[in-house]
Amino acid sequence: MKKRLATVAAVLCLTGALVAGMAACSTPSSGSTQPADKPAAQQPADDAAAKQGAEADLKDDAAQQQAATAEADKLKMLPQDEKAAAAAELYAPKVTKAANGADVQLIPADPYMWNTAILDGENRGCLGSSCHDSLLDTNQLLPMPHPKLWNPYDVEATTKFCYMCHSKALFMQDSMHAIHMNSAEFAEKGGNCDSCHYISPQTGEYLLWDLAKYNNAYMGITPVPNVTGDFSFTQDSITPTDQVFYYWENANHQGVTPDNDTSQAAYDSWEIAVGGEVENPFTFKLTDFEDQMVEKVLKMDCQTNPPGGAYVANVNVKGIPLSVIMERAGVKDTANTLHSVADDGWDVYPVPLSTVNEYLDDILLVTEINGEPLGMLQGFPVQLWIPPLGGCHYTKRVVNLNFTNDATEARLFQGFTNPKTGEMFNKPNTAIFYTAQGTIFPAGQPIELEGFADAYDVPMTAVEVSMDKGATWTTYDLGETDVMRWVDWKFSFTPEKPGSYLIQVRGVAADGSVSTDPSQLFFNVK
Ligand SMILES: Nc1nc2c(c(=O)[nH]1)N[C@H]1C(S)=C(S)[C@@H](COP(=O)(O)O)O[C@H]1N2
Ligand SMILES: [Mo]
């Protein structure tokens with residue numbers, strides 16, 4: 001496998017395809033910034049042009065770097081008293097615009113210019129002013145298909161998004177090292193270990209810069225022990241339809257997003273065959289059960305929703321109760337498993353019948369979300385919703401419901417295990433919605449944050465907030481919560497003074513488990 005991935009990286013370099021995905025990536029020591037181009041798929045015919053463009057970019061980079069180095073050199077020669085003011089200006093953290101329009105500063109200001117002049121924070125890590133615009137696009141530049149990712153609720157993708165799938169299969173370290181270390185562009189731009197890693201002075205461990213910078217590397221973040229604010233939550237909030245995530249992995253794990261027919265005719269003619277260990281095998285159309293459909297507010301968490309990610313929805317769904325279908329079929333005692341098979345062959349995550357029976361009141365063959373037919377991406381015309389299991393069990397475009405007697409018990413997926421620690425990565429899980437990393441808030445005004453907390457089949461009992469990197473946590477008890485819906489929390493507080501801050505949010509569930517990877521937001525108050 002390692003060999004195959006290395007070949008892949010070589011192909012990438014040869015075709016120059018990577019060039020499109022890597023906007024100007026400057027050397028870690030330059031102190032200069034280049035604008036990042038939006039990645040775009042390249043046609044083979046464009047390769048020559050792309051290569052020329054990349055060469056021109058590199059020359060531009062080199063010129064900019066020279067200029068920056070000259071400026072920094074001049075500064076080094078200044079007398080001490082003049083140096084401080086000049087350095088503060090030259091090495092001030094950059095203020096840029098986030099995708100949502102907010103002014104952001106990704107690096108805390110510190111009196112010694114440690115973060116920018118010494119650690120060179122502006123030029124390290126995947127994102128920011130360094131190499132990639134967004135991690136969501138990079139995987140689409142691979143030569144092989146890859147499931148499309150996006151970020152509902154504007155939650156920025158981190159490498160934790162990649163780790164969810166790649167921690168077990170196709171190890172992330174292997175592919176990332178091969179792709180970067182074999183990339184001519186990465187080499188030409190002076191990329192090295194420090195570009196991606198933070199080497200812990202305590203342990204010597206190579207941490208990922210993007211994941212470690214705020215907690216381990218930067219100075220200038222003001223701690224707020226025992227932070228307090230106004231906390232509230234609801235389980236009734238509804239994910240707007242355009243923020244409902246989608247995920248197509250397909251039965252072959254190739255992740256090609258389909259382009260299915262969403263016409264009324266396609267809905268009217270959709271057929272589902274019910275069979276296996278049942279008294280009355282039968283085939284039905286969705287229209288046959290129109291008058292028995294019910295509406296419910298239910299959640300769906302993707303099994304691989306990363307820590308701090310928002311592959312989670314809480315929506316008003318309408319559909320046929322599975323109980324109605326099971327009653328009509330007369331499921332025999334010999335059946336122990338439900339296989340819901342899709343037209344793309346998706347039958348990867350069968351469910352034990354005992355689990356089906358446990359949650360039967362909330363299992364629906366869903367045809368509508370928030371009063372509208374399912375979108376193409378959400379599996380028009382029908383998706384089997386099985387809360388509170390992981391989303392992989394929610395088969396889209398079901399064509400078969402097979403009640404079988406399997407020799408081995410079907411495995412349930414309700415959260416993801418970190419293979420390094422054996423602990424759950426994303427259970428309980430939280431995310432902070434709609435707020436860009438580095439956002440600059442006006443001083444003296446309350447900062448209002450919102451997000452979700454959930455733990456699949458385990459009810460949430462508390463949300464905890466820390467503003468001193470986890471030294472103290474303020475607990476907000478939720479009481480008894482409904483496991484079929486998410487917890488949507490709001491937290492509002494006013495920092496006492498301007499500065500740079502880090503807020504972390506973690507969840508506590510009824511089994512006593514606590515998020516291992518809190519969601520976090522770095523922000524500034526000016
Ligand atoms: N037929 C089919 N069903 C599928 C998948 C798929 O690739 N094909 N992906 C599953 C996964 S992993 C998830 S998280 C949910 C996502 O459902 P949504 O797109 O409606 O949010 O669909 C599940 N059902
Ligand atoms: Mo999923």
Next item on the list: Show which aspartates and glutamates lie in cross-link reach of Lys148 when reach means a straight Cα distance below 19 angstrom and same-chain residues fewer than eight apart are skipped.
Entry: Asp133, Asp137, Glu156, Asp242, Glu249, Asp259, Asp301, Asp344
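Tell me the net charge near Thr475. Cut-off is 14 Å between Cβ atoms, Thr475 excluded, with +1 for each Lys or Arg and -1 for each Asp or Glu.
On the way: positive: Arg506; negative: Glu464, Asp477.
That works out to -1.
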Margin query: For a quick check: with amide H placed at 1.01 Å from N, whose amide H comes under 5 Å from Thr337's, ignoring anything fewer than 5 positions away on the same chain?
Written below: Leu353, Thr404, Asp406
Next item on the list: Post the alpha-carbon centroid distance, segment 280-323 to segment 215-260, in whole angstrom.
Entry: 21 Å
Notebook entry, point to check: Give me the Kirkwood hydrodynamic radius of segment 379-526 in Å, from all C-alpha pairs, to one decimal place?
Noted result: 17.5 Å
Checklist line | Efficiency of FRET between Ile199 and Thr234 - r from beta-carbon atoms, R0 45 angstrom, step 0.05 | finding: 0.55
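Which GluC sites (Glu not before Pro) from segment 272-314 combine a DSSP loop assignment with at most 14 other Cβ atoms within 10 Å?
Values: sites: Glu277, Glu279, Glu290, Glu295; in loops: Glu277, Glu279.
Qualifying residues, ordered by number: Glu279.
Give me the 1.4 Å probe accessible area per residue for segment 241-404, excluding ligands and nucleic acids, in Å². Could the numbers behind the result be given before it?
Working: 5960 Å² over 164 residues.
Per residue, segment 241-404 has 36 Å² of solvent-accessible surface.
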Checklist line | Under-5 Å amide H pairs with Val224, H placed in peptide plane, nonlocal only | finding: Met467, Asp468
Note to self: For Leu374, what residues show an amide H to amide H distance below 5 Å, using hydrogens built from the backbone and excluding near sequence neighbours?
What the structure shows: Glu368, Ile369
Item checked: Tilt relative to the chain, helix 2-15 - C-alpha long axis, 0 to 90 degrees, to 10 -> 60 degrees
Check: For the chain, taking Cα atoms only, what is the radius of gyration to one decimal and the Dmax to the nearest whole Å?
Finding: 25.6, 92
Margin query: I need the trypsin sites (Lys or Arg not before Pro) found in segment 168-221, filtered to DSSP loop residues with at most 13 other beta carbons within 10 Å of theirs.
Written below: Lys168
Check: Roughly how many percent of the accessible protein surface of segment 412-526 is carbon and sulfur, given a 1.4 Å probe and a whole-percent answer?
Finding: 49 percent
Check: Relative to the longest principal Cα axis of the chain, at what angle does helix 172-181 sit, 0 to 90 degrees, rounded to 10?
Finding: 40 degrees
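Explain nothing, just the number: dipole magnitude of the chain about its Cα centre with +1 on each Lys and Arg Cβ and -1 on each Asp and Glu Cβ, in debye rounded to the nearest 20. If you can, show how the numbers build up before the last one.
Numbers: 34 positive and 67 negative charges, 287 e Å.
So the magnitude is around 1380 debye.
A 31 angstrom limit on the alpha carbon distance is what I want to check against. Which of Lys318/Lys427; Lys94/Lys160; Lys97/Lys160; Lys189/Lys469; Lys74/Lys469 exceed it? Mind dumping the intermediate values first?
Numbers: Lys318/Lys427 27 Å; Lys94/Lys160 25 Å; Lys97/Lys160 24 Å; Lys189/Lys469 34 Å; Lys74/Lys469 38 Å.
Those over the limit are Lys189/Lys469; Lys74/Lys469.
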Next item on the list: Leaving ligands, DNA and RNA out of it, rank Arg411, Arg506 by accessible area with a 1.4 Å probe, largest first.
Entry: Arg411, Arg506
Check: Which of Phe231, Gln66, Thr435 sits closest to the plus end of the dipole of the chain, meaning its Cα is farthest towards the positive end, when Lys and Arg get +1 and Asp and Glu get -1 on the C-beta?
Finding: Gln66
Margin query: Please compute the modelled spin-label separation between Leu90 and Gln254, points set 7 Å along Cα→Cβ, answer in nm with one decimal.
Written below: 5.5 nm
Margin query: Leaving ligands and nucleic acids out of the surface, order Val525, Val483 by accessible area at 1.4 Å, largest first.
Written below: Val483, Val525
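Could you order Ser263, Ser519 so the one with the most accessible surface comes first? Probe is 1.4 Å. Don't skip to the end; give the middle numbers.
Values: Ser263 45, Ser519 5 Å².
Solvent-accessible surface, decreasing: Ser263, Ser519.
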Next item on the list: Enumerate the calculated ³J(HN,Hα) couplings along segment 300-316 in order (Karplus 6.51 cos²θ - 1.76 cosθ + 1.60, θ = phi - 60°), each rounded to whole Hz, writing x wherever the residue is Gly or Pro.
Entry: 9, 10, 4, 3, 9, 4, x, x, x, x, 10, 7, 8, 9, 9, 9, 8
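Of all trypsin sites (Lys or Arg not before Pro) in segment 306-410, which ones are in loop regions per DSSP and have a Cβ with at most 12 other Cβ atoms within 10 Å?
Values: sites: Lys318, Arg328, Lys332, Lys396, Arg397; in loops: Lys332, Arg397.
For trypsin sites (Lys or Arg not before Pro) across segment 306-410 that sit outside H, G, I, E and B with at most 12 neighbouring Cβ atoms in 10 Å, the list reads Lys332.
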Check: Taking a probe of 1.4 angstrom, what is the accessible area of Thr516 in Å², to the nearest 10?
Finding: 60 Å²
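Of the heavy-atom accessible surface of segment 114-198 (probe 1.4 angstrom), what whole percent is carbon and sulfur?
On the way: 2200 of 3570 Å².
Using a 1.4 Å probe with all protein chains present, segment 114-198 comes out at 62 percent carbon and sulfur.
Quick check on the chain: of the DSSP beta bridges with both residues there, what percent are antiparallel, nearest 5%? Spell out each step's value before the answer.
Values: 74 of 83 bridges.
The answer is about 90 percent antiparallel.
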Checklist line | For the chain, calculated [θ]222 nm from helices alone, where every DSSP H run of n ≥ 4 adds -39500 (n - 2.57) | finding: -6000 deg cm²/dmol
Item checked: Whole-percent carbon and sulfur share, accessible surface of segment 241-404, 1.4 Å -> 44 percent
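The values are calculated or read from the model by the stated rules, or taken from the named source; none is laboratory data. Note that the coordinates shown come from a computational prediction; the quantities given were computed from them, not determined experimentally. Cβ coordinates were reconstructed from backbone atoms using ideal geometry, including for glycine residues, and neighbour counts include every protein chain displayed. With ligands, DNA and RNA removed, areas are computed over all heavy atoms of the protein, side chains included. Shrake-Rupley method; radii C 1.70, N 1.55, O 1.52, S 1.80 Å.
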